[in-house]
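No value in this document is a laboratory result; all are computed from the given coordinates. In this text the structure is predicted, and so the values were computed from the model without any measurement. Here Cβ is always computed from backbone atoms with ideal geometry, including for glycine, and neighbour counts include all displayed protein chains.
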Amino acid sequence: MSAAQTAPVRSKAFLAASRLGAGFGTSLAKLSREPLGMFGFIVLAVLIVVALFAPLIAPFSPTAQNLPNALQAPSWTHWAGTDEFGRDILSRLIYGTRITVQTVFAVTIIVGPIGMLIGIVAGFVGGRTDAILMRITDIVLSFPSLILALAFAAALGAGLETAIIAISLTGWPPIARLARAETLLVRNTDYVAAARLYGASPLRLLFRYIAPMCIPSVVVRLTMNMAGIILTAAALGFLGLGAQPPAPEWGAMISSGRKFMLDNWWVAVMPGVAILITSLAFNLAGDALRDILDPRHDRS
Amino acid sequence: MTVPDPILTVRDLTVRFARSSVKAVNGVSFDLGAERLGVVGESGSGKSTVGRALMRLLPPSATTEASQLDFEGAPLLTRSEREMRRLRGNDMALIMQDPRYSLNPVLPIGKQVAEAAMLHFKLGKKDAYARAADMLGRVRIADVARTMDLYPHQISGGMGQRVMIAMMLLAKPRLVIADEPTSALDVSVRGDVLRLLDDLVRENNSGLLLISHDIRMVAAFCERILVMYKGVVVETLTKLEDAQHPYTRGLIAAMPDPRNPVRRLQVLDRKAIDAVGVQP
Amino acid sequence: MIDVKDLSVAFGQGEARKQVVKSVSLSVAKGETLGIVGESGCGKSTVLRSLAGLDRHWEGEIKLAGTAVAKTRTREQLLLAQMVFQDPYSSIHPRHRIERVLVEPMQSMKRGDGWDKVGPALEQVGLPAAFAERFPHELSGGQRQRVAIARALMLEPEVLLLDEPTSALDVSVQAEVLNLLSDLREQRNLTYVLVSHDLAVIGHMCDRVLVMKDGSFVDELTRDDLKHGRTHSDYARELFAASYL
């Protein structure tokens, strides 16, 4: 008995790790029943690996110009062809994943906590706080993110950081609304009532009781949002407001490929395909995540 | 167990849900004539699944098998979904725990009842509304004119069950399956709803299958009781006093009775029940 | 233990204002079990939630253990009475393990981390200590209600407020939970206020029963009255007749 009493203290970390492993295992088992979601996750995993090891994977430098070799059609040396400066498009796409992953994660890390905090505070406190926060949310929601990014680029100069800030600024309201709706549901449950009875402080209620219930739907929503972020980032790049040349941003690559589109289709199409597949993968992964995390949408 | 001129004949009804080897309903057999038959059991005993299987309302993941399942002499399991829809509207009816889910939430009560009247008696609009008002009066709804303009969410559970019964009075089903029709209701209206149900089945000479967890209420209301445990009918009773199976006895003893106060209630001895076995 | 004088509760403003509880008074002695029976909407749950401190729309006077409590409770006042809710599926946080559910009251009240009390608390309500590892969805309804009772007892309150504690449970499970409540009452000399629509449950558990209708108490029955089916008002008689007693 004494051994059993000391054991939990020692093995708390081990226990947490084994629980996490078990939870991951069941999630993986659920995922295996969703081939499309599995495809989405695999594509995302590949994307991240490629981004991490871009210098090792890319066959050529993304910026090295080779003018005699310009506008080559796809071949065994240049799988995706070359652009107007003779740069290998595949290598540029591979390096481009770094920009894409960076944008997506930066925006998500900014948008998720801000949106959630505003949403759960508005929902939990209610009254005037709720009204003020939600009206701000409505106002921000009515800004078109592209126009705002244009304004930002004009004020701060075009660049990847500006693009990230601009997308984040318009990205949090949907998250805030979602978190608020979840909070309103959770706030009136019996388990929160019970917690009030045993004296749980408002902060404890917010972080221990309400936030955990909002996280699954927020994570799902964020994953779905990532597809939109990629498209917006590409659009900004296309307009010349994202990452600046010679950085291999996918949107900017389409933009420059536009001029040669009729004769040299691959210059614009290859980055287009990359954007399409990545954004599709995020959508599929988001859908699968919802089925795993949110039992309310269970289809079976 | 044989009943003269049965409305419903069930032999070896077995229901299995996908991905589960356990049979939710396992070899249930009974006949239902123009009578009130109760099905009693705990949650998970398969009693509601029986009701839904008879209505063919189980989700597609469920497989329903029976060596015989006849409604008014014709097999049920082989009918097309279209025929079943016609049957469900006219000849068999299901009353559920919360009537507000069975009514159309965006139509006023009066209109819904009147539409049932139009459908079954080919009446004009004006006559149908008159008929509907008449029926709502018969189920003892106090202020009929006002109630007819209300929407389902504006009425109480007891009133909702009365509206459901009024619609059934129009359709005159041969078989009424009532799944916990009173458990969402206050005790004082439970009696009324049961009496109305009784009037309904007597008038149409139809059969009533009353599914409930409340063994005492079922015993007071039904002529026969099937006791279900783990998907099997363990006992068929006409009086509670005749109960032999330890499960039935345990259920009865577990109910508190202020007239015979005890310090501790008897609890189900599941081991003893499983030792006796759950085969009928 | 509990003294309530002229408790009134009204919800809403102006025209829509609805008087749910109409100036009721009651008192419960230490170790006694008081039942409040009535139909949905009669105000019985509102009385209980006002006693617990969850509803703050009340007027009148509520005394717990001799001290008058305000609408917002202090920690010491919250310690006096805890509540068990009707639906065990919604009264336990779905993402907390049982051990977390049980230590939360201790940690919220700053009474230590409480981890060492989880095992004994589970055993006391007849559950194996190994259940601490589980999530609520891995437990049956009856087991969850036991956890809810254990949680309510973590702070060792003297009063337990029970809001239809068994009406979501099967009869056989109801018997187990009611037995548990009887045993705990004996072991800890607890005072119960039990609200239910089920006269049989109320009659089994309570020393005294108040019959509530439209926000007022219309009858008071003793254990002996219940045994012999004696009532003092028409409404209580109707209720008796309808309960198939």
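Taking the C-alpha atoms of the range C:1-134, how large are the radius of gyration and the largest Cα-Cα span, Dmax, in Å?
My reading of the Cα-based Rg and Dmax gives 17.6, 54 Å.
Net charge near C:Asp234, counting Lys/Arg +1 and Asp/Glu -1 over other residues with Cβ under 11 Å of its Cβ? Before the final figure, lay out each step's value.
Numbers: positive: C:Lys213, C:Arg237; negative: C:Asp219, C:Glu238.
Around C:Asp234, the surrounding residues sum to 0.
Hey, what number do you get for chain A at 222 nm if only DSSP H runs of n ≥ 4 count, each worth -39500 (n - 2.57), divided across all residues, to the nearest 500?
-24000 deg cm²/dmol, from helical runs alone.
If you plug each phi of the range B:186-193 into the Karplus form 6.51 cos²θ - 1.76 cosθ + 1.60 with θ = phi - 60°, what whole-Hz ³J(HN,Hα) values come out, in order, with x for Gly and Pro?
For the range B:186-193, the Karplus-derived couplings read 5, 4, 6, 8, 4, x, 4, 5 Hz, x marking Gly and Pro.
How far apart, in nanometres, would the label points at C:Lys30 and A:Lys30 be if each is projected 7 angstrom from Cα along the Cα-to-Cβ direction?
Result for the modelled spin labels: 5.0 nm.
Given all pairs of different Cα atoms, what value in angstroms does the Kirkwood hydrodynamic radius of the protein assembly as shown take?
Values: mean 1/r = 0.0317 Å⁻¹.
In the protein assembly as shown this quantity evaluates to 31.5 Å.
Which semi-axes, in whole Å and largest first, does the equivalent ellipsoid of the range B:129-280 have when worked out from the alpha carbon gyration tensor as the square roots of 5 times its eigenvalues?
Sorted largest first and rounded, they come to 36, 18, 12 Å.
Hey, what's the Cα Rg ratio for the range B:1-139 versus the globular rule of thumb, 2.2 N^0.38 Å?
Numbers: Rg = 17.7 Å, N = 139, 2.2 N^0.38 = 14.3 Å.
For the range B:1-139, the normalised Cα radius of gyration is 1.23.
For chain C, calculate the relative contact order in percent as a whole number, restricting contacts to Cα pairs under 8 Å that are 6 or more residues apart.
It rounds to 26 percent for chain C.
Where Rh is the Kirkwood radius over the Cα pairs of the range A:21-82, the temperature 10 °C and the viscosity 1.306 mPa s, what D in µm²/s does Stokes-Einstein return?
Numbers: Rh = 14.9 Å.
The calculation lands on 107 µm²/s.
Can you give the calculated 222 nm mean residue ellipticity of chain B, where each DSSP H run of n ≥ 4 adds -39,500 (n - 2.57) and the sum is split over every residue, rounded to the nearest 500 deg cm²/dmol?
Computed ellipticity for chain B at 222 nm equals -11500 deg cm²/dmol.
So how tilted is helix C:171-188 from the main axis of chain C? Cα-based, degrees 0 to 90, rounded to 10.
In chain C, helix C:171-188 runs at an angle near 80 degrees to the longest axis.
Rounded to whole Å and ordered largest first, report the semi-axes of the equivalent ellipsoid of chain B derived from its Cα gyration tensor (root of 5λ).
33, 23, 16
Going through the range C:1-87, which GluC sites (Glu not before Pro) have at most 14 other Cβ atoms within 10 Å and a DSSP loop state?
Numbers: sites: C:Glu15, C:Glu32, C:Glu39, C:Glu59, C:Glu61, C:Glu76; in loops: C:Glu32, C:Glu39.
In loop regions of the range C:1-87 (DSSP not H, G, I, E or B), there are no sparsely surrounded GluC sites (Glu not before Pro).
Under a 5 Å amide H to amide H cut-off, with H placed in plane at 1.01 Å, what residues pair with B:Leu265 once short-range neighbours are removed?
Counting only residues 5 or more places away or on other chains, the set is C:Asn179.
Apply the Karplus curve 6.51 cos²θ - 1.76 cosθ + 1.60, θ = phi - 60°, to the phi angles in the range C:152-168 and return the couplings in whole Hz, x for Gly and Pro.
5, 8, 4, 8, 6, x, 8, 10, 10, 9, 10, 9, 6, x, 10, 6, 9
In degrees between 0 and 90, to the nearest 10, how far off the longest principal axis of chain A does helix A:89-125 point, with axes built from Cα atoms?
30 degrees
Using the count of nearby Cβ atoms within 10 Å as a rough guide to exposure, how do A:Met116, A:Met261 rank from fewest to most?
A:Met261, A:Met116
Would you mind computing, in nm to one decimal, how far apart the modelled labels at A:Ile48 and B:Ser188 are, each placed 7 Å from Cα along Cα→Cβ?
So the label points at A:Ile48 and B:Ser188 sit 6.2 nm apart.
Rounded to whole Hz and in sequence order, give me ³J(HN,Hα) for the range A:163-177 from the Karplus expression 6.51 cos²θ - 1.76 cosθ + 1.60, θ = phi - 60°, writing x for Gly and Pro.
Computed from phi, the couplings for the range A:163-177 are 4, 4, 4, 5, 5, 5, 4, 9, x, 7, x, x, 5, 4, 5 Hz.
Evaluate E = 1/(1 + (r/R0)^6) for B:Gln266 and C:Thr74, where r is the Cβ-Cβ distance and R0 equals 41 Å; express this FRET efficiency to the nearest 0.05.
My answer for the efficiency is 0.45.
What is the Cα convex hull volume of the range B:41-89 when expressed per residue in Å³? Could you put the intermediate results ahead of the total?
Numbers: hull volume 5.1 nm³, N = 49.
Roughly 104 Å³ of hull volume per residue.
What per residue convex hull volume, in Å³, comes out for the range A:203-291 when only alpha-carbon positions are used?
Output value, Cα hull per residue: 100 Å³.
Working only with C-alpha atoms, what are the Rg and Dmax values of chain A, expressed in angstrom?
Radius of gyration, then largest Cα-Cα span, for chain A: 23.3, 80 Å.
Please list, in chain and number order, the residues 5+ apart from B:Val232 or on another chain whose amide H is under 5 Å from its amide H, with Hs placed from the backbone.
Counting only residues 5 or more places away or on other chains, the set is B:Asn26.
Separation of the range A:63-103 and the range C:59-98 by C-alpha centroid, Å?
67 Å
When C:Leu160, B:Leu107, A:Leu203 are ordered from fewest to most other Cβ atoms inside 10 Å of their Cβ, what list results?
The most exposed by this proxy come first: A:Leu203, B:Leu107, C:Leu160.
What value does the range A:143-288 have for Rg/Rh, both radii from Cα atoms and Rh as Kirkwood defines it?
1.17
Across bins of 5 angstrom width beginning at 0, how are the C-alpha pair distances of the range A:121-204 distributed, in whole percent?
Spelled out bin by bin, the range A:121-204 gives 3, 13, 17, 16, 13, 11, 9, 7, 5, 3, 1 percent.
Kindly state, to the nearest 0.05, the FRET efficiency for B:Lys239 paired with B:Arg140, given R0 = 45 Å and r defined as their beta-carbon distance.
Computed FRET efficiency for B:Lys239 and B:Arg140 comes out at 0.90.
I'm checking a number: the convex hull volume of the Cα atoms of the range C:14-70, normalised per residue, in Å³. What is it?
In the range C:14-70, the Cα hull volume divided by residue count equals 100 Å³.
Most exposed first by the Cβ proxy, i.e. fewest other Cβ within 10 Å, how do B:Thr63, A:Thr103, A:Thr162 rank?
Least crowded to most crowded, the residues run B:Thr63, A:Thr162, A:Thr103.
Report, in degrees rounded to the nearest 10, the 0 to 90 angle that the Cα long axis of helix A:211-238 makes with the longest principal axis of chain A.
So the inclination is approximately 20 degrees.
At what distance in nm do the modelled label points of C:Glu15 and A:Ile139 sit from each other, each positioned 7 Å from its Cα along Cα→Cβ?
3.4 nm
On a C-alpha basis, how far is the centre of the range A:16-49 from the centre of the range C:193-232 in Å? Whole number, if you could?
A separation of 56 Å, based on Cα centres.
Rounded to the nearest 0.05, what FRET efficiency do B:Asp199 and A:Ser61 have when you use their Cβ-Cβ distance and R0 = 60 Å?
Once rounded, the FRET efficiency stands at 0.10.
Taking the Cα centroid of the range A:113-137 and of the range B:88-141, what is the distance between the two, rounded to the nearest whole Å?
Between the Cα centre of the range A:113-137 and that of the range B:88-141, the gap is 45 Å.
For the range B:88-205, what log10 I(q)/I(0) values come out of the Debye formula at q = 0.10 1/Å, with one point per alpha carbon and no solvent?
Here the Debye-derived log intensity ratios amount to -0.25.
Once you have a ≥ b ≥ c as the square roots of the Cα gyration tensor eigenvalues for the range C:53-206, tell me rounded if a/c is under 1.5, and otherwise prolate or oblate according to whether a/b is larger than b/c.
oblate
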